[in-house]
1. Quick one: in region 198-232, which of the residues that are among the charged types (D, E, K, R) and either within 27 Å of LYS129 (Cβ to Cβ) or out of contact with any Asp or Glu (no Cβ under 9 Å at 6 or more places or on another chain) (or both) is farthest from the ligand (Cβ to nearest atom)?
2. Which numbered condition trips up SER61, out of (1) part of a loop (DSSP other than H, G, I, E, B); (2) within 16 Å of the ligand (Cβ to nearest atom)?
3. Quick check on region 398-419: of everything there that is under 43 Å from the mean Cα position of the chain (by Cα) and outside any strand (DSSP E or B), which residue is surrounded by the fewest Cβ atoms within 10 Å (Cβ to Cβ)?
4. Within region 192-239, track down each residue that is open to solvent by 10 Å² or more (accessible area, probe 1.4 Å), among the hydroxyl-bearing types (Ser, Thr, Tyr) and in contact (Cβ under 8 Å) with a residue 40 or more places away in the chain.
5. Hey, does region 563-581 have a residue that's under 20 Å from the mean Cα position of the chain (by Cα) and among the hydroxyl-bearing types (Ser, Thr, Tyr)?
6. If I filter region 75-102 down to residues being farther than 16 Å from ALA371 by Cβ and buried (at least 24 other Cβ atoms within 10 Å of the Cβ), which single residue comes out as farthest from the ligand (Cβ to nearest atom)?
7. Just one of the numbered conditions (1) without any contact (Cβ under 8 Å) to a residue 12 or more places away in the chain; (2) among the hydrophobic types (A, V, I, L, M, F, W, C); (3) within 16 Å of the ligand (Cβ to nearest atom) is not true of ILE422; which one?
8. For residues that are touching a Phe, Trp or Tyr at 6+ places or on another chain (Cβ under 9 Å) and open to solvent by less than 40 Å² (accessible area, probe 1.4 Å), tally how many sit in region 263-288.
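The values are calculated or read from the model by the stated rules, or taken from the named source; none is laboratory data. This structure is a prediction, so every number in the text was calculated from the model and none was measured. Note: ideal-geometry Cβ built from the backbone for every residue, glycine included; neighbour counts use all protein chains shown. These area figures cover heavy atoms from the full protein model, side chains too; ligands, DNA and RNA do not enter into them. Shrake-Rupley method; radii C 1.70, N 1.55, O 1.52, S 1.80 Å.
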Amino acid sequence: MEPRQISRGDTNNAFKNSDIILKGELHTGGQDHFYLEGQIAMTIPQEDNNFLVYSSTQHPSETQQIIAKVLKQDFNSIHVVVRRIGGGFGGKETQSFLFAAITSIAAKKTNKPVKLRVDRDDDMIMTGKRHDFYFNYKVGFSKKGEINALKVMMASRCGISADLSGAINDRAIYHIDNAYYIPNMEIESFRCKTNTVSNTAFRGFGGPQGMFCIENIIENISQKLNKDPAEIRKINFYKENTKNETHYGMKITDNVINDIFENLKIKSNYKKRKKEIEKFNSKNRILKKGIAITPVKFGISFTTTHLNQGGALVHIYTDGSLHLNHGGIEMGQGLMTKLALVASNEFGLNYKSIKISSTDTEKVPNTSASAASATTDINGGAIINAINKIKTNLNEFIYDYYKTNSIIKYENDYVYFDKRKISFKDLVNEAYLNRVALSSSGFFKTSKINVNKKTLKGRPFLYFAYGAAVSEVIIDTLTGENKLLQVDIMHDVGKSINKRIDKGQIEGGFIQGLGWLTTEEVSWKSDGKLQTHSPSTYKIPTAGETPFKFNVEIYERGINKENVVNKSKAVGEPPFMLAISSFIAIKNAVFNANDKKESDKLIAPATPENVLNSFN
Ligand code: MTE
């Protein structure tokens, strides 16, 4: 793959005009998806050389296309069905195809059903992971800490084939600014082919790696200036009316990071705790504490513009019950619950009247992967579109049949017009008897987005999701171990469709990010074989790693200004990056242990070994 570049301003001149220049290197590790349900697929031969495929995949349509190509058949002879999957996290966006293709080839050869479930070790050896990144940077800034110029060379391990590496590295470029306005910037991104497994999508899709880079740079700036990192972050934030355009030319019009950051600082008692930590550290030689507050600004939409489309199919039966189908995959993120709520709100029906059947390539075709956190946005939009079409049919029937032109309201299982109140069930039954169509497909495409594929400039995202986290950590300078003492989070989900689900995503995303940055280390033996291929050699976070105090709050004033279902915001990936605060808190503890000199030797993940190696 060709390297990509993006730039703005006059970086070389800006370096000349900067008070201070810092240079350095950064590393982030890879990450195994460790979904609870491993890769699994089953293919059942049908009549007429057709095949029914059950696959644990985030992408039924591409599963269908890949199998059809492998078997040299038309797409319409392959039928893929997915009820739900036991976790995906990006690891079943493309990696699942291999297993479904194998079962399909074997089913065609033997004309018998074939099922394949791989052993956990084989799964970890065979499947791609998060891309690990290397960054080489030069940053120029004022004595106050305002960034003037940034030059970054980034290189990622893509593995033996391209898979999704292009788009993942593009997203790393798009998130290297995180929440900060950087007037002069030059980024060069190398996508390296290596003799290792083909790396793939993983929650955040390159965004976490980009943000990790800038958050470490900001921390290094504050250490150099001996100032509170929260202040350096704040002065560099995107502003409301000026300093609000990203390096890729998108105007930020929904910025709430300043509000979230200030609120969280107060709620978490950041200032007071920082002072207490200073006191603790002055009294303790072996144990050292650290604290950090970091922001998240994450772009929502697939950066590959055409993927931002969704489809749905809605039937109403004559008893008033509603059957719903759409292109999204339930993987534990609560999608089906959210979409059933969207449908029930639109028709004013009890949630229990809604049934969503398995995601199915014969019901909704040409779907996009359930990824980029946009599944509710695009499939919810398609559901509303289908329901609006049925509502139009019903409304026309009401005008005609009941001889009215009054406003019609659908509420609490009833339909209201004139002074009448008819149960939804009676209305649809009457409509059926009068030959009114009670079923419709629906379609949605995200508006406003566009990207120049060569320059990467344009508006790749419809909107941004924002959040911030404060982490307080303690490290043992003899063993390198760390423990998270307290985490406070404030996260923007717009106007939530379901607060419990959103909170679950925030907590889960944070802990998974914590694993990436502290315990999960992917490593290879010198002969190139994966060393970390089972839970005995690869440590995912557990209840033991959860902070003693874990305060998660949804940003109360959250609202999506764009045309998105319920004015809500995507929540699947953004909270993952809140965990960068924990890594930076460990970095702060190392800085404190190093007599406040530096901590830039710390690489991710901050395992005990890497923490020990970062001491002076
Ligand atoms: N939550 C659970 N429980 N399981 C998962 O596999 N995947 C994450 C996130 N939350 C995942 C999850 C990833 S990588 C993405 S992109 C989003 O969910 C996808 O779903 P959404 O678009 O509905 O948010």
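1. LYS227
2. Of everything listed in (1) part of a loop (DSSP other than H, G, I, E, B); (2) within 16 Å of the ligand (Cβ to nearest atom), SER61 misses just condition (1).
3. Top of the filtered list is ILE407.
4. THR196, SER198
5. For region 563-581, residues under 20 Å from the mean Cα position of the chain (by Cα) and among the hydroxyl-bearing types (Ser, Thr, Tyr): present.
6. That would be ILE78.
7. (3)
8. 2
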